[in-house]
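Structure first, commentary second.
Rule-based calculations on the coordinates, nothing more; no lab input. Keep in mind that what you see is a predicted model, and the values were worked out from it rather than measured. No Cβ is skipped: glycine too gets one built from the backbone with ideal geometry, and neighbour counts run over all protein chains shown.
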Amino acid sequence: MADSLLSVQSLNKRFGAVQASRDLSLEVARGELHALIGPNGAGKTTAINQLCGETLPDSGQIVFDGRRITRMPAYRRAQLGMARSYQITSVFDQLTVRENLSLAVQAHHGHSFRFWRKAGSDPAVRQAVLPAMARVDLESRADVPAASLSHGEKRQLEVGMALAGRPKILLLDEPYAGMGPGGAVELTRLIQRLKTEVTILLVEHDMGAVFRLADRITVLVYGQAIASGTPGEIREDAQVRKAYLGDETPVRP
Amino acid sequence: MLEVDQIETVYGKSQVLFGVSMTVREGEVVTLLGRNGMGKSTTVRSIMGLTPIRRGRIVFDGRAIDRLPAYAIARLGIGLVPEGRQIFPNLTVRENMVATAANRQNAKSPYTLDDVLSIFPRLADRLNHYGNQLSGGEQQMLAVVRALMTNPRLLILDEATEGLAPLVRKEIWQALAMLKANGHAILVIDKNLDALMKLAERHCIMENGRVVWRGNSVELAGDDALRARYLGV
Amino acid sequence: AEPVKIGMITTLSTKAGYLGEEIRDGFQLAIDQEGGRLGGVPVALLVDDDGRKPERARQIADRFIKRDGVKIMTGIVFSNVAIAVVPKVVRQEVIYVSANAGPSLLAGKGCHENYFNVAYQNDNLDEVVGRYVTDAGFKNVYLLAPNYPAGKDHLGGFKRYYEGAIAGEVYTKLGQSDYAAEIAALRAARPDGVFFFLPGGMGINFLKQYAQAGLNRTIPVFGPAFSFDERLLQAVKDAAIGVKNGSQWCHDLDNPANRQFVAAFKKAYGRTPTLYASQGYDAARLIGSALKQAGGNVDGLDALRNAIRRADFATVRGKFSFSANQHPVQDIYIREVVKDAGGHYTNRTVEAVFKDHANVYVEECKLK
Amino acid sequence: MLLFIEQLLNGLQLGIMLFLMSAGLTLVFGIMQVINLAHGSFYMIGAYVGATVTARTGSFVLGILAALPAAALAGMLVEILVLRRLYRKEHLDQVLATFGLIMFFNELTRIVWGRQPLFMDVPPWLAGSIEFIPGVPYPSYRLAVIAVGIMVGLLLYLLFTRTRMGMQIRAGAGNREMAGALGINIRRLYTLVFGLGTLLAGLAGVMAGPILAVEAGMGESILILTFVVIVIGGIGSIRGALAGALLVGLVDTLGRAFLPTVLRLFFSAAYADGIAASLASMSVYILMAAVLVCRPRGLVPAHA
Amino acid sequence: MHKLPVNRRTLSVAAGAAVLLALPVVAGLAGEPYLVTLFGRILIYALAAVSLDLMLGFGGMVSLGHAAFFGIGAYVVCILSLHGLEGTPVFVWPFELGGHQSGLVLWPAAVFFSAASAAVIGALSLRTSGMHFIMITLAFAQMLYYFFVSLEAYGGDDGISLFSRNTFAGLDLADDTQFYYLCLAALAAFLFFSHRLVHSRFGMVIRGCRENERRMKSLGFPTFRYRLVCFVIAGAGAGLAGALIANQTEYVSPGLMHWTRSGEILVMVLLGGMGTLFGPVLGAATLLLMEEFLSVYTEHWMVYLGPFLIVVVLFAKRGIYGLIAGVNDNHG
Ligand SMILES: Nc1ncnc2c1ncn2[C@@H]1O[C@H](COP(=O)(O)OP(=O)(O)OP(=O)(O)O)[C@@H](O)[C@H]1O
Ligand SMILES: Nc1ncnc2c1ncn2[C@@H]1O[C@H](COP(=O)(O)OP(=O)(O)OP(=O)(O)O)[C@@H](O)[C@H]1O
Ligand SMILES: [Mg+2]
Ligand SMILES: [Mg+2]
């Protein structure tokens, strides 16, 4: 595919007896929102971990933006424009919301071997933090340490940090988890807006959101991609219904 | 069975609950609803004795429990599925299940390992994995199982379906319905309004540390403005 | 008049704390016997614990000198502490009388007119064993010491007078507690004797394990007195019986001063004095003799120095004078560990091997 | 060759002895995740009480029987008065508090027992040597230490992997709050386990008494070595602690025994002896650094 | 939130600074001149403690081997000036290094060598984390300790003495008061540098690594490098402190590197309040002053010092600094 931003070829990853990725191939086109769904333990998070470099695959190949990144360390991939959010909230508890986001911004402003100037008064960083904070609706909590945020607020921050660095691709691992019903609606709005700016790979169990947002969907079962296609195709796929969706077919397209 | 009366709770200097009251009766399913950060989980933590309350009273089965340590409250028969899973990372799946298992209320047919594994077969072939090696969803299942294995009379679920695949989520709702049918009381926090309205008879909506609305499923379903105002849907 | 202040920096804490305690108690005894005086001059003894840390000792010395106006100091147990403290204080017109540590540096190149050692030069107690072992006909001795310069110095002292062959020379880790490997190697080397320098707990461990391996009955052990003082012996008991060790003093030395000292010490503290206590006592008596001659005047150091150099006091060792580098010239004995009639473990004098023995560093010292 | 076998045996024996000493620490540090620098103090308490009672009664067995509860009680008291209040705080607060405890206990023993080392001897019925490899007589007491060490290790292993209590302790270490919320009386459990840990320390102390010097501060010299053992083995794992102990014992012993000979092949005798002695002193630390550089979580990492 | 610009925190820092500035004068007037050396030692240990706190309190790297760098700094000064005195080179390969007497040369050299060894030790140690990191730093420090114990050329366990204090840009360092002010200046400079550092971009990264290194990596930070640089800076700070202590006591021995010394520096940080910049200064002062004065009153001073430490842990939130300044933020 010519306009493929991220291309994964026959990835394999095994944890002892568990084959978490089995000959997994995946193409994410530039600008699309690609959803990755599948039962619990199917290997979605493991796939994301391999994409962003936290786990190294046993075999296979990953190409991002024309470069082979299969064995590249995680921070290099992030610098190339790959950002992720974690399924299990992973923010800096002792730092405030603002500082959390500043760090995310800083990561993309060249190196941080600057020992003298106050980070907080760095206009470049400051200017980027405000919109990031606004996007996830945390302005009113700017100076609260992340530890005192509620679970849902932490989830918002989690997504905010992934966004702050203006990445080329966003790997979102269950961003809806923990968002209240209201938050979910807002998050959907946010992702809809983001779709126009950035390529997104979305792992999610909220089928309403997935079918509303995704351009294409890949279904993973036992580490293997069993189907890939438009939401319409996936919804009709008998295998997918049996393995994953059950009768919970989203009513609204 | 459970009576929460005007409780106030603080974290350090910031007050989070401002006089929350609610009740759960024998065999009843009650929900706590509200946007993020409104104090639902804090209410649960207060009930469990994980965060001490500053004012108010909590009574379980006619006994004041608001000064008891968490383990004593749990032993009275309250089971918790906490927010964010909180499984024991350094125990295997099997150990997670049996380490705290108990039948203190002498339930006639206590849960056994086989029972819970039949609800979540996915866990069966993970028994010797450590908690931190599980996928997010698997951890969530484990958290539910762990609470069930204490054979509680009141089960508290704080976002227990977070991160579960649709099929599994359905399983959980079915399991809860079954529990309810067996006379268990349940206090549940979840974002799946549709499922909640089917399962629960009474709902409490919280905002900024207060319960601002109480009612039954019919009332909640019928009031779009209410849902839009407090839940954002 | 104001009592003359004497500053005692010594080690009271840490495992080695009992050494400082002995020195202090011996010193204090001399003062108590005179009712708060030394040589008829009222004195005040200031004691502080250096915790075996050179810098702390340095700090205490500074306080003694600057705040308390101390002109006479004593008490340091360990050589490294002495090396850190002594050169600095003697340059500040303070007299230092060592009641234990006698490092070669301070005897040789680093000697100073204000520094006196009333105990021994470190090598002395090894030299005597070297001589004794040679005279007793040992031909193949195995050597053991911790791996640090003092360990090598002590073995060097032994080798200076030992003329036989060396079956093995082993340096162990400082503070080592298990000697099974060394003992096995030692047994395999089949020596006819063992000389070791392992101060403090290391020595206890070694001796116990040596006895448990059954070797104390077949291969005799020798060493300087440091592992055989009366307080350590209570921790080793039978395992040390029969060991010959070198010392400049023993509680059974037959001279009036010593008989009087041992009896008084036992009465005051309820235990047999160790050589450290005898050194503390002698240090006090030496200072007392000098104070007396100087008429209690510590401002003119010349008088005091000259008086000390004369060493005009009844030492518990019988005979005592200073060499040119202001270290002892004295008899040095071989003692043997025994169990006395009362069931106490103690030392008994075997013989005086060296008469009027000085030290080899006199040459290096520029004092005349 | 015989010498080599003997040294190998010495190494194994030192390893087991180290394991006995680290057993209590494995429990407290490895599994409860409490950094207890004062662990050596309980070792010392065990040795002192054991030595005193043995001296008074003349019975080593009574000495042990007195030392164990003394160490356990002291441990539980410390847990209740001090450590219990620190679990919720930073891990490092434990370092500060237990550092204070070391000072306190060391000085207290000096006040109570005086400054000189205490005597403790091998009981007569263990005083001899056994020659189970011809030509290599071995002190029976050391063999007894080995036996006790293996037994303690086995018991601990069973306790932790086979009983629910073991799981609950680990659960408490993994997530204290949840363990409580699921009905474990974590406070009492921790007090008991801490007491068990210090009891084992006391046992090690009293067993070491006849071999080593019983003196104030004896705990610290052993403390670091036992930390090394546990860290090499992998924190939280009993099998790891055993493996670490044996490895440390072997490396240390063989290093001391044979490094000089080996180095003499390359350097002049005096020079070789010097380097060998220095290297032997450092061998344990070199071993630990090497293990951690290659396997940052130890040899047999526990999952946490 | 503060209406007045003076709050408890600024007040207490100002008071502390005033005390330290005025000390030599006051001590002279009070006829207690020895206090100047005592406080000089406190300043030096404070410097070492602050440097440890940089990596411990802000970077989350708990080292039990910090005294190694302290010792290296001290040894570099002593060895170089020894050779300077004798006019012999220290080594001739790979380049010839001669001795020297001037602090202007020696102290940067001390800092350089400590930083260089910190770079090596750090590069190896930072592969581990948590308790393992504590122990591996301890291991390296103990190796150095045993190395110097058996290093006969430089006194081994007996240590070596400095013939006299170094010369330093026209100052007379033999004069305790001048030396004291030099130490004070060094500490103040290092504190100021640290203050800027923890609030800089680099400081943010370090604090991020302390909290969640994995997340830092996924944000795009090569965390290893940042932590290593922090480790090296801390080592350099300790090296400077070592150079000063060598001059103050005019003596250095391997005891300076023993793990108990690392433990003491760690205790100073914790006692004063880790993650605060002034805390370690207070901690050093408290520990050394108590040691100094308790031991005058009773030889069993540790029976009191031990429980004192425990009481501080139990009742002070962020060490003594937290008690005095009443802060619970971690912004130094
Ligand atoms: N440990 C804490 N320290 C300080 N404040 C806290 C802490 N935990 C929660 N809070 C605050 O208390 C308020 C209520 O939090 P709580 O977790 O009870 O909300 P919630 O209703 O459960 O939200 P969510 O749906 O997001 O889980 C929030 O504003 C949060 O910031
Ligand atoms: N470090 C590990 N060691 C062993 N097994 C692992 C490890 N990480 C993941 N696994 C296993 O690999 C499988 C895939 O896990 P993964 O987290 O990728 O699932 P997932 O698709 O993200 O599931 P979920 O929807 O529940 O989050 C799971 O069965 C899990 O138990
Ligand atoms: Mg997942
Ligand atoms: Mg919540």
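Along the axis of the charge dipole computed for the protein assembly as shown (Cβ charges of +1 for Lys and Arg, -1 for Asp and Glu, origin at the Cα centre), the listed residues A:THR45, E:ILE265, B:LEU157 are led at the positive end by B:LEU157.
About its Cα centre, the dipole of the protein assembly as shown is roughly 2620 debye, where the only charges are +1 on Lys and Arg Cβ and -1 on Asp and Glu Cβ. For peptide C:19-32, the mean count of partner chain Cβ atoms within 10 Å of a residue's Cβ comes to 1. Projecting label points 7 angstrom from Cα along Cα→Cβ for B:ASN208 and B:GLN15 puts them 1.2 nm apart.
Averaged over peptide A:85-91, the number of partner chain Cβ atoms lying within 10 Å of each residue's Cβ comes to 4.
The value of relative contact order for chain A, using C-alpha pairs under 8 Å at least six residues apart, is 26 percent.
The simple Förster model, with R0 at 22 Å and r as the Cβ-Cβ distance, assigns C:ALA268 and E:THR298 a FRET efficiency of 0.60.
Against the main long axis of the alpha-carbon atoms of chain D, helix D:218-233 sits at an angle near 90°. The H on the amide N of A:GLY120, modeled in the peptide plane, is under 5 Å from the matching H of no residue at least 5 residues off or on a different chain. In region D:2-216, Cα pairs under 8 Å separated by at least six residues give a relative contact order of 43 percent. About its Cα centre, region D:2-216 has a charge dipole of approximately 760 debye under the convention of +1 per Lys or Arg Cβ and -1 per Asp or Glu Cβ, with nothing else charged. Ranking C:ILE83, C:PHE27, C:GLY102 by Cα position along the charge dipole of region C:3-155, where only Lys, Arg, Asp and Glu carry charges on their C-beta atoms, puts C:ILE83 farthest toward the positive end.
The angle between the Cα long axis of helix C:275-293 and the main principal axis of chain C comes to about 20°, on a 0 to 90 degree scale. In a simple Cβ point-charge model (Lys, Arg +1; Asp, Glu -1; nothing else charged), chain C has a dipole of about 260 debye relative to its Cα centre. Hydrodynamic radius of region E:3-325 by the Kirkwood approach over all distinct alpha-carbon pairs: 20.2 Å.
Largest first, the extents of the alpha carbon coordinates of the protein assembly as shown on the three principal axes equal 113, 74, 65 Å. With R₀ fixed at 45 Å, the C-beta to C-beta distance from A:ARG212 to E:PHE192 puts the FRET efficiency at about 0.25.
In chain B, helices alone account for a calculated mean residue ellipticity at 222 nm of -9000 deg cm²/dmol, with every DSSP H run of four or more residues adding -39,500 (n - 2.57). Among the GluC sites (Glu not before Pro) in region A:27-104, none sits in a DSSP loop with a Cβ that has at most 11 other Cβ atoms within 10 Å. Per-residue packing, averaged as other Cβ atoms within 10 Å, sorts the ranges B:189-199, A:56-66 into the order B:189-199, A:56-66, beginning with the highest. Annotation for region B:1-78: trypsin sites (Lys or Arg not before Pro) lying in DSSP loop with at most 16 further Cβ atoms inside 10 Å of their Cβ are B:LYS13, B:ARG25, B:ARG67. Adding -39500 (n - 2.57) for every DSSP H run of four residues or longer, then dividing by how many residues chain D holds, sets the calculated 222 nm ellipticity at -25000 deg cm²/dmol. Go ahead and collect, in residue order, the members of region B:154-193 whose backbone nitrogen is under 17 Å from a label point 7 Å along the Cα-Cβ direction of B:ALA107. Zone members listed by number: B:154-158, B:172-188.
Extension gain for the segment A:ASP23 to A:ARG126, taken as residue separation times 0.36 nm less the Cα-Cα distance, is 32.7 nm to one decimal. Per-peptide packing, taken as the mean over residues of other Cβ atoms within 10 Å, places D:41-49, A:236-244 in the sequence D:41-49, A:236-244 from highest down. Taking 7 Å steps out from each Cα toward its Cβ at B:SER118 and B:ARG94 produces label points 2.0 nm apart. Computed from backbone phi with θ = phi - 60° and the Karplus coefficients 6.51, -1.76 and 1.60, the 3J(HN,Hα) list for region C:49-66 is 8, 8, x, 6, 9, x, 5, 5, 4, 4, 5, 5, 4, 4, 5, 4, 6, 7 Hz; x is used for glycine and proline. By the helix-only formula, in which each DSSP H run with n ≥ 4 contributes -39500 (n - 2.57) and the sum is divided by residues, chain C has a 222 nm mean residue ellipticity of -12000 deg cm²/dmol.
Using alpha carbons only, the radius of gyration of region D:2-216 set against its Kirkwood radius gives Rg/Rh = 1.02. With the charge dipole of region A:82-166 set up from +1 on Lys and Arg Cβ and -1 on Asp and Glu Cβ about the Cα centre, the Cα lying farthest toward the positive end among the listed residues A:THR89, A:VAL105, A:SER150 is that of A:VAL105. Take each residue of peptide D:84-97, count the partner chain Cβ atoms within 10 Å of its Cβ, and average: the result is 5. Computed from the Cβ-Cβ distance with R0 of 56 Å, the FRET efficiency linking D:ARG164 to E:PHE95 stands at 0.30. Ranked by the mean number of other Cβ atoms within 10 Å per residue, highest first, peptides C:83-92, B:208-217, E:98-107 order as C:83-92, E:98-107, B:208-217.
Between B:ALA177 and C:ALA188, the modelled labels are 7.9 nm apart [label points 7 Å from Cα along Cα→Cβ]. Working from Cα pairs under 8 Å separated by at least six residues, relative contact order for chain E is 31 percent.
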